[in-house]
Amino acid sequence: MGWVIVFIIIGALGFKASTPEERLRLLRALRDLLLNARAAAARNLEECRPFHDSLRVRVRWPFATLAIVGLNVVVFLAMLFGRGALADPETLVSWGATFGPRTTNGEWWRLLTSMFVHPGLMALLVNIAGVTQLGLLLERVVGRLALASVYFAAGIFACLVSLAASPVTVSAGASGAIFGLYGLLISCCIWDLFRPSPVPIPLVAVKRILPAALIFFLYNANNDNVGTAAEFIAFVIGFGSGLVLTSGATDRQPAPRLLGAVSGGAFFIAIVAAVLLRGIADVRPEIVRLIAIEDQTAPVYRNAETRYRKNQISASMLADVIELKIMPELQQAGARLNAITGIPKEDRVLIADAREYVRLRYESWRLRAEGLRRTAAPVLRRSEGAGLAAEANWRDRVQSQFRTNQIMLGRAEGTERASLEVLDRLRPSNHN
């Protein structure tokens, strides 16, 4: 909705910069525009009255539409007075929004519940306006079962496309299902051009829908609750289903057998798509666990190192701390990372960094432990006898071992820095 704010600011600045006479003319023009729009709406309503009267004769109470609207409102109110912020992904998931690692690992019911979860009041109002306007019309034109079938089929396919396109993105809202209803409406209008109908949808009725439809399309084009590709597929599902369901009946009430066949076919395709998407992994818990290993083991080593510098423990004992308490943790973490399957494409770089961190950090600890053990091992004098030559030879070997140990500890330091740079990329503040 950023573009709306920009237009409001530009309009406010322009209004403030204008002269009093220009403001007066603008206000009069706006008043005339509103009056003309009101008069046009009244004329359209009068022209549509016979059509709406005939629809009420066909279906007096649109129970399916009222049930859909009611569920959306009830769920939103429950979320509003529940815990957590409405737009928080964790709150949305807890109320039934789709999230690939949860949905594709047994929680398939989210394909349905996500249609009744909204991240904010504006999303709810826009979707309720859309489903109410379309539902009151289409439920009476094609029947309750056809309306509900298209609504839920379009919504489910929109969720599946969102999962395929963005597996680790939380998706919620009824926009996909409503796009399906727009497709159904267009298919009904197309059939009216090719065959007579006892209740044809007049052009003026379609015109009355256009303002709300424009708001609906503009709003959904500027938010990512459900992806654009998913909404397009939902529209195609609604349009195709409408062409088939209303193809064999002049009153556009589909036969139960045809409705069952179309619904069953859509359900079968959805199952196949769900099978192909199953098993998406959630790598975030393992990344959190990996960061915790570093945060827990580094202080353990620092405490032991402090004792070593105070000569309370030996270098070999400090190496024992590394090999017995730190390196096994990294080995287990590496094994868990290698065992993860179904990694979504968005997280492949994250997993690659995690594996690189484990490799570098393990190597840094190995080098440090080996350097400490070399430090602890004395350079023994050889049985070469006494004398200045033997003493000089022993000193050379001591110095050589010292240099080797320093090089090894230096490599350990360099590898540690490289591993911690990779770890910084894994921390949530750097990859959200």
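The values are calculated or read from the model by the stated rules, or taken from the named source; none is laboratory data. Computed from a predicted model, the values in this text were never measured in an experiment. Heads up, the Cβs are rebuilt from the backbone with ideal geometry, glycines too, and the neighbour counts pull from every protein chain shown.
For region 158-197, enumerate the residues that are polar (S, T, N, Q) and either within 27 Å of residue 74 (Cα to Cα) or under 21 Å from the mean Cα position of the chain (by Cα) (or both).
First, the residues of region 158-197 that are polar (S, T, N, Q): 162, 166, 169, 171, 175, 187, 197.
Selection gives 162, 166, 169, 171, 175.
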Q.
If residue 198 meets every condition in (1) modelled with pLDDT under 90; (2) assigned to a helix (DSSP H, G or I) apart from one, which number is that one?
A. (2)
**Q.** Lone qualifier among 40, 64 - being modelled with pLDDT under 75 and part of a helix (DSSP H, G or I)
**A.** 40
Q: Specify the residue that is nearest to residue 362 (Cα to Cα); the eligible residues are those in region 313-343 that are polar (S, T, N, Q) and modelled with pLDDT of 90 or more.
A: 331
Q. Among the helices (runs of 4 or more DSSP H) contained in region 260-366, which hold 1 or more residues that are outside the structural domain of residue 90 (by TED's automatic domain parsing), among the hydroxyl-bearing types (Ser, Thr, Tyr) and farther than 30 Å from residue 245 by Cβ?
A. 284-309, 315-321
Q. Which condition does residue 271 not pass, out of (1) of a type outside the set (Lys, Arg); (2) under 30 Å from residue 168 (Cα atoms); (3) in contact (Cβ under 8 Å) with a residue 24 or more places away in the chain, if it passes all the others?
A. (3)
**Q.** Residue tally, condition among the aliphatic types (A, V, I, L, M), modelled with pLDDT of 90 or more and surrounded by fewer than 16 Cβ atoms within 10 Å (Cβ to Cβ), over region 292-312
**A.** 2
Q. Quick check: is even one residue across region 74-83 touching a Lys or Arg at 6+ places or on another chain (Cβ under 6 Å), farther than 24 Å from residue 282 by Cα and in a helix (DSSP H, G or I)?
A. no
Q) Within region 105-118, can you find the residues that are surrounded by fewer than 22 Cβ atoms within 10 Å (Cβ to Cβ), part of a loop (DSSP other than H, G, I, E, B) and either at negative phi or in contact with a strand residue (DSSP E or B) (Cβ under 7 Å, 6 or more places away or on another chain) (or both)? A) 105, 107, 108, 109
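Return the total of residues in region 91-137 being hydroxyl-bearing (Ser, Thr, Tyr), without any contact (Cβ under 8 Å) to a residue 60 or more places away in the chain and within 25 Å of residue 64 (Cβ to Cβ).
Qualifying residue count, region 91-137: 2.
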Q) If residue 332 satisfies every condition in (1) surrounded by 15 or more Cβ atoms within 10 Å (Cβ to Cβ); (2) polar (S, T, N, Q); (3) closer than 29 Å to residue 168 by Cα but one, which is the exception? A) (1)
Q) Is it true that residue 124 is touching a His at 6+ places or on another chain (Cβ under 8 Å), assigned to a helix (DSSP H, G or I) and closer than 16 Å to residue 75 by Cβ? A) yes
Q: Check residue 283 against each of (1) among the hydrophobic types (A, V, I, L, M, F, W, C); (2) at pLDDT 90 or above; (3) buried (at least 17 other Cβ atoms within 10 Å of the Cβ); (4) within 31 Å of the chain's Cα centre (by Cα) and name the one condition it does not meet.
A: (2)
Q. Considering only region 88-104, how many residues are among the small types (Gly, Ala, Ser), more than 18 Å from residue 175 (Cα to Cα) and assigned to a loop (DSSP other than H, G, I, E, B)?
A. 0
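The rows are residues; the columns are (1) touching a strand residue (DSSP E or B) at 6+ places or on another chain (Cβ under 6 Å); (2) modelled with pLDDT of 90 or more; (3) surrounded by 24 or more Cβ atoms within 10 Å (Cβ to Cβ); (4) within 25 Å of residue 126 (Cβ to Cβ).
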{"site": "139", "(1), (2), (3), (4)": "no, no, yes, yes"}
{"site": "156", "(1), (2), (3), (4)": "no, yes, yes, yes"}
{"site": "177", "(1), (2), (3), (4)": "no, yes, yes, yes"}
{"site": "203", "(1), (2), (3), (4)": "no, no, no, yes"}
